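Student: The structure's right below; bear with me while I get my questions together.
The values are calculated or read from the model by the stated rules, or taken from the named source; none is laboratory data. From a predicted model like this one, the values you see are computed outputs, not experimental measurements. For neighbour counting, all protein chains shown are included, and Cβ atoms are generated from backbone atoms with ideal geometry for every residue, glycine included. Ligands, DNA and RNA are stripped out before the accessible areas are found, and what is left, the full protein with its side chains, is counted by its heavy atoms. Shrake-Rupley method; radii C 1.70, N 1.55, O 1.52, S 1.80 Å.
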Amino acid sequence: MSRYQINPRTLFTRHLIPFIPFLYIHSAAMCDIRERAEELIYDQYGKDKLIEYQKYVVPSGRKDLIEKSSRMRYMFPHVYIWSISESDSLIGLAILDNVKGKSLPITFITFFDHTGNIIGSDIVKYREDYGWEVGNRRWLDQFLGLNHGSVYAVGKNIDGISGATISVNSVTRGMKRSSLLAELVIKGRYDGSE
C-alpha cells in the first residue's frame with residue numbers, strides 16, 4: 001500500500017469509531033438545551049399556549065444585513081425559533097441562538113411579544129470559566145422593551161460587567177441580532193412571505 005492511500009479498515013477503526021461517542025454526547029446535549037429552552041418558554045408565556053418549533057436557516061441576503069447591523073456573525077448556519085400562539089394568533093416568538101464568548105459558545109434565548117419587543121431572555125448554557133454574570137437576571141432585564149430599532153450599546157443603555165467584557169459585548173450584540181431576526185420573522189409571517 002502506498003504511503004498516501006487510505007486503508008478503509010484503518011479509517012473506520014482509528015477515525016470514525018472514536019467520533020461516535022462525540023456524536024451521541026452532542027445530540028444528548030442538544031436535547032438538554034432544547035428541553036431547557038422549552039421549559040423557559042412555558043415559564044414565560046404559560047403552559048396553555050401552543051408552541052411550534054423550527055430549525056431556521058436565515059436567508060443569505062437577510063443574514064448578511066442582520067450580521068452587519070448587529071456587528072455579530074452567526075456561529076452556525078441556523079437558529080432555533082418557537083412561535084407561540086393562542087387561539088390561532090401569534091402572541092410571541094422565542095429565538096435560541098449562540099454567540100462566541102472568549103473561546104466557547106454562549107447559548108441564549110430571547111423572548112419577544114407579537115410586535116417584536118423583548119419581553120424576557122435567559123442564558124441557557126454558559127460554557128466559559130469567567131463572565132457567567134451575564135446570566136444574572138438583573139443584567140438581562142436591561143434588554144426588556146428593546147426591539148430591532150433600539151440602541152444596544154454597552155456603556156450607554158447596557159451596563160458593562162467587570163471581568164466579563166467579552167461575554168457582555170457578545171450577548172449584547174446577540175440580543176440585537178435576535179431582535180433583527182424577530183422583526184424579519186414576524187413581518188414575514190404577517191406579510192405571508194415567511
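Student: Kindly provide the set of residues from segment 97-115 that are among the polar types (S, T, N, Q), out of contact with any Lys or Arg (no Cβ under 7 Å at 6 or more places or on another chain) and modelled with pLDDT of 95 or more, ordered by number.
Tutor: Within segment 97-115, 98, 110, 115 meet the criteria.
Student: Within the set of pairs 6 or more residues apart or between chains, which connect a residue that is without any contact (Cβ under 8 Å) to a residue 60 or more places away in the chain inside segment 78-104 to a residue that is open to solvent by less than 10 Å² (accessible area, probe 1.4 Å) and outside any strand (DSSP E or B) with Cβ atoms less than 6 Å apart?
Tutor: If the second residue must be open to solvent by less than 10 Å² (accessible area, probe 1.4 Å) and outside any strand (DSSP E or B), the pairs left are 82/41; 94/41.
Student: Since residue 174 meets every condition but one in (1) open to solvent by 50 Å² or more (accessible area, probe 1.4 Å); (2) within 22 Å of residue 32 (Cβ to Cβ); (3) part of a helix (DSSP H, G or I), which condition does it not meet?
Tutor: Answer for residue 174: the failing condition is (1).
Student: So, one more: Farther than 15 Å from residue 185 by Cβ, touching a strand residue (DSSP E or B) at 6+ places or on another chain (Cβ under 7 Å), of a type in the set (A, V, I, L, M) and open to solvent by 60 Å² or more (accessible area, probe 1.4 Å): is that true of residue 119 in this structure?
Tutor: When the stated conditions are applied, residue 119 passes them.
Student: If you don't mind, another one. Report, by residue number, each residue of segment 84-106 that is crowded, with 21+ Cβ neighbours inside 10 Å, β-branched (Val, Ile, Thr) and more than 18 Å from residue 150 (Cα to Cα).
Tutor: 84, 99, 106
Student: May I ask you to say which residue of 180, 146 is assigned to a loop (DSSP other than H, G, I, E, B), under 22 Å from residue 74 (Cα atoms) and either open to solvent by less than 30 Å² (accessible area, probe 1.4 Å) or modelled with pLDDT of 95 or more (or both)?
Tutor: 146
Student: Out of all the residues in segment 33-72, which are over 12 Å from the mean Cα position of the chain (by Cα) and of a type in the set (Lys, Arg)?
Tutor: 36, 47, 49, 62, 63, 68, 71
Student: Let me ask you something else. For residue 168, work out the one condition from (1) touching a Leu at 6+ places or on another chain (Cβ under 9 Å); (2) open to solvent by less than 10 Å² (accessible area, probe 1.4 Å); (3) more than 19 Å from residue 41 (Cβ to Cβ) it doesn't fulfil.
Tutor: (1)
Student: In the set 141, 129, which member is farther than 21 Å from residue 116 by Cα and acidic (Asp, Glu)?
Tutor: Answer to the check: 129.
Student: Please enumerate the residues belonging to segment 44-63 that are among the charged types (D, E, K, R), out of contact with any helix residue (DSSP H, G or I) (no Cβ under 7 Å at 6 or more places or on another chain) and either farther than 14 Å from residue 111 by Cβ or exposed (fewer than 13 other Cβ atoms within 10 Å of the Cβ) (or both).
Tutor: Within segment 44-63, 47, 48, 52, 55, 63 qualify.
Student: Of (1) open to solvent by less than 60 Å² (accessible area, probe 1.4 Å); (2) over 21 Å from residue 76 (Cα atoms), residue 187 satisfies all except one. Which?
Tutor: That leaves (1) as the condition not met.
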